Amino acid sequence: MINIFYAYAMKNTKMSRLATSTLTSGVCLALAGTAVLSLTEAHAATPSGTSISPAGHRLDAIASGPVVFEAGPITVTCALSESRAASDTGVRNKIPDAPANANPKGAVAVRIKAPVFKDCTTDAPGLRATVETNEDHGPWQVLLRHGTPSTAQLSIPTNGFVLKTSGLLSCTATVAPGKAANVSGQWEAGAGPAVRIEGSQVPLKIEGPFLCPKSVTTASISARYEVHDTTDTTRTISVGPS
């Protein structure tokens, strides 16, 4: 009888040890799996670098439709806008030469000529509008960053964009007053790459007579600029990982 109880106790002890070992192994595997998953998620969340090609090529940025500015009660629409490389031999409208066309930690900046805006109209009868741009206080740039989706920021230098109305009311609206401002957008990849800006907000200062809406301090911009390779028209400007 004693041998029977002893055998039974030994059997239970072995089963208990086996269960404990199995449970411990399972916990270790679960923790290991969680650690691997966490590392994978962290790696996936880490933004990649950026590379723009073809390095050293010149480009034109031409609006494929109207550019729309909305500031308080006034909407201004410009039928034409562009920044062209033309005969410029400097750094403007040019993808940086390698290795500066790549940044393993973020965006790549492409300097452009201050864009021109033509044939601008307003939604108010008797109110005319013109837009002047300049590089007096810094460069105009497009900051491109690879991602899902890839992004594009239009950097406007301090006081670099001035909209003036005349006729019914003479007001002056200055974008990026006091310091440079970035206009957020997206990079559209493909055979016809483009920078798309949809209702992005920019700081604004309005000056003029009493009736000018001086309390308005932001404006929205909507535009789509197609980007063309002018060095080799058979090539396409692309934004990829570094």
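The values are calculated or read from the model by the stated rules, or taken from the named source; none is laboratory data. As the structure is a computational prediction, the values presented were derived from the model and not from experiment. All Cβ positions, even for glycine, are placed from backbone atoms using ideal geometry, and neighbour counts span all protein chains on display.
Any chance segment 178-188 includes a residue that's surrounded by fewer than 18 Cβ atoms within 10 Å (Cβ to Cβ), within 14 Å of residue 67 (Cβ to Cβ) and β-branched (Val, Ile, Thr)? Scanning segment 178-188, I find no residue that is surrounded by fewer than 18 Cβ atoms within 10 Å (Cβ to Cβ), within 14 Å of residue 67 (Cβ to Cβ) and β-branched (Val, Ile, Thr), so the answer is no.
Segment 179-242 holds strands (runs of 3 or more DSSP E) entirely within its bounds, and those carrying 2 or more residues that are under 13 Å from the mean Cα position of the chain (by Cα) and closer than 19 Å to residue 154 by Cα map to 181-188, 194-207. Being of a type in the set (A, V, I, L, M, F, W, C), modelled with pLDDT of 95 or more and touching a strand residue (DSSP E or B) at 6+ places or on another chain (Cβ under 8 Å) is a condition met by no residue of segment 81-94. At pLDDT 95 or above, under 17 Å from residue 78 (Cβ atoms) and of a type in the set (Val, Ile, Thr): does that describe residue 142? Here the answer is no, as residue 142 does not meet what is asked.
Look at (1) surrounded by fewer than 16 Cβ atoms within 10 Å (Cβ to Cβ); (2) under 24 Å from residue 123 (Cα atoms); (3) of a type in the set (Ser, Thr, Tyr) and you find that residue 200 fails only one, number (1).
Where residues in segment 223-242 are surrounded by fewer than 18 Cβ atoms within 10 Å (Cβ to Cβ) and in contact with an Asp or Glu (Cβ under 7 Å, 6 or more places away or on another chain), which of them is nearest to residue 171 (Cα to Cα)? Only one residue fits best here, namely 230.
For segment 155-174, the criterion of being modelled with pLDDT of 95 or more, charged (D, E, K, R) and closer than 15 Å to residue 219 by Cα is satisfied by at least one residue.
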